[in-house]
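*Asks:* Submitted below is the structure of interest, expressed as structure tokens.
The values are calculated or read from the model by the stated rules, or taken from the named source; none is laboratory data. As the structure is a prediction and not an experimental result, all values here were calculated from the model. With ideal geometry, Cβ positions are generated from the backbone for all residues, glycine too; neighbour counts draw on all protein chains shown. Heads up: the accessible areas ignore ligands, DNA and RNA and are worked out on the full protein's heavy atoms, side chains in. Shrake-Rupley method; radii C 1.70, N 1.55, O 1.52, S 1.80 Å.
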Amino acid sequence: MALPHRGVRRWPPILRSSIARFIGLAFLGQFLVTGGVLLYVQQASQRTVIAAEREAADELRDDLIALYRAGGSDAVRRDVAERFRASRDENVAILLADRHGKALAGNLSAWPATVPERTSWRSINLYRVGRVEPEPIGVVAQPLGDGNRLLTGVVVANSLRLAAIHEEALSIAFAVSLVLTLAMAIILGRILARQVWGIAATAQEVAVGALHHRVETDGSGDAFDRLGQSINAMLERIDSLVSQLRMMTDGLAHDLKSPVTRLMTVIEQASTRTQDEGALDALDEVRREAETLQAMLSTALLISRTEAGLGADMLRETDLGRLLADIAEIYGPLAEESGFALTVEAPEEPLLFPVHRELLSQAVANLIENALKYADAGDHILLTAAHLDARTARISVSDNGSGIAAGQHEEALRRFGRLDPARGKPGSGLGLSLVRAVARLHHGTVMLQDAGPGLCVTLELRRSG
């Protein structure tokens, strides 16, 4: 198992997803823009209302200061009395007080203790004369030249209620915009993910040998449509080259089978016409080589036809446990003769899966024969079958022999790959290639793993569609 590099932070899978990051960034961007706009509107409207109220208090103060300069505190007192008799200023607070804070005129009983004698603007709760509850009032204050003080203000309760309404409305608008933004980000992410998943699904099918698969395009000419068209053009070219190569190798192997067959016939006829021991030994060696060549040609043809998808229409629901038991029964005597015990592990209930019975049997047989040939010092071969999920089944053939080094696993799967040609054991290097072709026919893969000790070859088979 590959370990993460030291010092490199491993993010959770959801955070490593590009789609999730896109959704997150889109949501965060919309969140910041919407929140910023709403906050600006709320703050701007509140500042406008406060400025208007402060301007009203300042104008009232300036009017009374003008009267003071013209007629002193008595003129201010008379004007204040007149204002309240005429009920012209129902939402204002006015207080003319002496140097000790005692009220001389106005609708406040005394100078507020928390208000300095010179105040530019402050909002506090005050009791106006005749009111039973305190009211929020914005006030300004200024000392007069004769030692008296003047306080003017306006009731800001309505503006505070209006600000609260604005804040509630903006909060609701903000919450609704968050929900809509999140929904739009998720929908957009799903649209993008569907496009990417379509391309990934095609690549996965092509990777297991289904070269006829193509990316769906809609002709819109957008980036995904152009990407799909480019991938399809590449797949067309690859499919054409692979088809030509397959036709050439298939034709070559097919054409070579007839001469080899005739050669074996000639060898058999020659063996019957001579009694010379040396000649018979030489003919027998040539016959064995011809049989090996014939087997290689047959296997090469079978691999080419399997990789071409021939036989894909012959997948039938098969009990994999029963299939392995039948193979073990056939190869049991040979394994016992070679010093191996051949056992099967599979669920008791039928493990049904659509497979090409003959090709899968041939693949498992190849793995058993490989174990009998190359599992040095081993004495046990285990066949297992299991369901990974509703769409995937697993078949494994493992032994307790010397195994294959991890760095040579891919080389072992390569066609004509021989890990140790010098050891002199028979083999064509095509057995595992056929296993891989059979796995691809079943939309699956082959994995070579260390069985500790020994080698475990696993076929993961997947249902199509």
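*Asks:* Under 8 Å for C-alpha pairs, at least 6 residues apart: give me the relative contact order for the chain, rounded to a whole percent.
*Replies:* Numbers: 616 pairs, mean separation 44.2, N = 465.
With pairs under 8 Å counted, the relative contact order is 10 percent.
*Asks:* Using DSSP to call loops (not H, G, I, E or B), can you name the trypsin sites (Lys or Arg not before Pro) in the stretch 302-401 whose Cβ has at most 15 other Cβ atoms within 10 angstrom?
*Replies:* Hits after loop and neighbour filter: Arg391.
*Asks:* Give me a comma-separated list of calculated 3J(HN,Hα) values for the stretch 395-405, in order, Karplus coefficients 6.51, -1.76, 1.60 applied at θ = phi - 60°, integers in Hz, x for any Gly or Pro.
*Replies:* Going residue by residue, I get 10, 10, 10, 10, 9, 10, x, 7, x, 10, 4 Hz, with x marking Gly and Pro.
*Asks:* DSSP loop chymotrypsin sites (Phe, Trp or Tyr not before Pro) in the stretch 148-237 with at most 10 other Cβ atoms within 10 Å of their Cβ, which ones?
*Replies:* Filter output for the stretch 148-237: empty list.
*Asks:* State, in angstrom, two size descriptors of the stretch 157-225 derived from its alpha carbons: Rg to one decimal place and Dmax to the nearest whole number.
*Replies:* So, for the stretch 157-225, Rg and Dmax equal 23.3, 77 Å respectively.
*Asks:* Quick one: which of 45-53, 121-129 comes out on top by average Cβ neighbours within 10 Å, and what's the full order, highest first?
*Replies:* 121-129, 45-53
*Asks:* Which of the peptides 296-304, 346-354 is most tightly packed, and how do the rest follow, judged by the mean count of other Cβ atoms within 10 Å per residue?
*Replies:* 296-304, 346-354
*Asks:* How high is the FRET efficiency from Glu168 to Thr445, r the C-beta distance, R0 56 Å, rounded to 0.05?
*Replies:* Plugging the Cβ-Cβ distance into 1/(1 + (r/R0)^6) gives 0.40.
*Asks:* Kindly state, to the nearest 0.05, the FRET efficiency for Arg69 paired with Leu28, given R0 = 51 Å and r defined as their beta-carbon distance. Mind showing how you got there, number by number?
*Replies:* On the way: r = 59 Å, r/R0 = 1.16.
Efficiency, from the Cβ-Cβ distance: 0.30.
*Asks:* Restricting attention to the stretch 81-148, which GluC sites (Glu not before Pro) occupy a DSSP loop and are surrounded by at most 15 other Cβ atoms within 10 Å?
*Replies:* On the way: sites: Glu82, Glu90, Glu117; in loops: Glu90, Glu117.
Sparse-neighbourhood loop GluC sites (Glu not before Pro): Glu90.
*Asks:* Still on this structure, please answer the following. Tell me, what % of the accessible area of the chain is carbon and sulfur with a 1.4 angstrom probe? Can you show the working numbers first?
*Replies:* Working: 15590 of 27300 Å².
Within the chain, the accessible surface is 57 percent carbon and sulfur.
*Asks:* Return the ratio Rg/(2.2 N^0.38 Å) for the chain, where Rg is computed over Cα atoms only. Numbers along the way, then the final one.
*Replies:* On the way: Rg = 46.1 Å, N = 465, 2.2 N^0.38 = 22.7 Å.
Ratio of Rg to 2.2 N^0.38 Å for the chain: 2.03.
*Asks:* Considering every Cα-Cα pair within the stretch 74-208, what fraction, in whole percent, is farther apart than 26 Å?
*Replies:* On the way: 4553 of 9045 pairs.
Roughly 50 percent, rounded to a whole number.
*Asks:* How far is it, in nm, from the label point at Asn91 to the one at Arg21 when both lie 7 Å from their Cα along the line to the Cβ?
*Replies:* 5.5 nm
*Asks:* Need the full-extension length gain, Asp255 to Thr274, defined as separation in residues times 0.36 nm minus the C-alpha distance. One decimal, nm. If you can, show how the numbers build up before the last one.
*Replies:* On the way: separation 19, 0.36 × 19 = 6.84 nm, distance 3.02 nm.
That pair, Asp255 and Thr274, stretches by 3.8 nm at full extension.
*Asks:* Normalized C-alpha radius of gyration of the stretch 291-363, against 2.2 N^0.38 Å? Could you put the intermediate results ahead of the total?
*Replies:* On the way: Rg = 15.0 Å, N = 73, 2.2 N^0.38 = 11.2 Å.
Working it through for the stretch 291-363, the quotient is 1.33.
*Asks:* Could I ask something else about it? Which net charge results when you count Lys and Arg as +1 and Asp and Glu as -1 among the other residues whose beta-carbon is under 12 Å from that of Pro116?
*Replies:* +2
*Asks:* Shifting gears a bit: Taking the simple approach of a point 7 Å from Cα along Cα-to-Cβ for both Arg194 and Glu410, what is their distance in nm?
*Replies:* 3.7 nm
*Asks:* For the chain, with every protein chain kept in place, what is the accessible area per residue (1.4 Å probe, Å²)?
*Replies:* 59 Å²
*Asks:* In addition: At 222 nm, what helix-only mean residue ellipticity would the chain give, in deg cm²/dmol to the nearest 500, using -39500 (n - 2.57) for each DSSP H run of four or more?
*Replies:* Per the formula, -20000 deg cm²/dmol.
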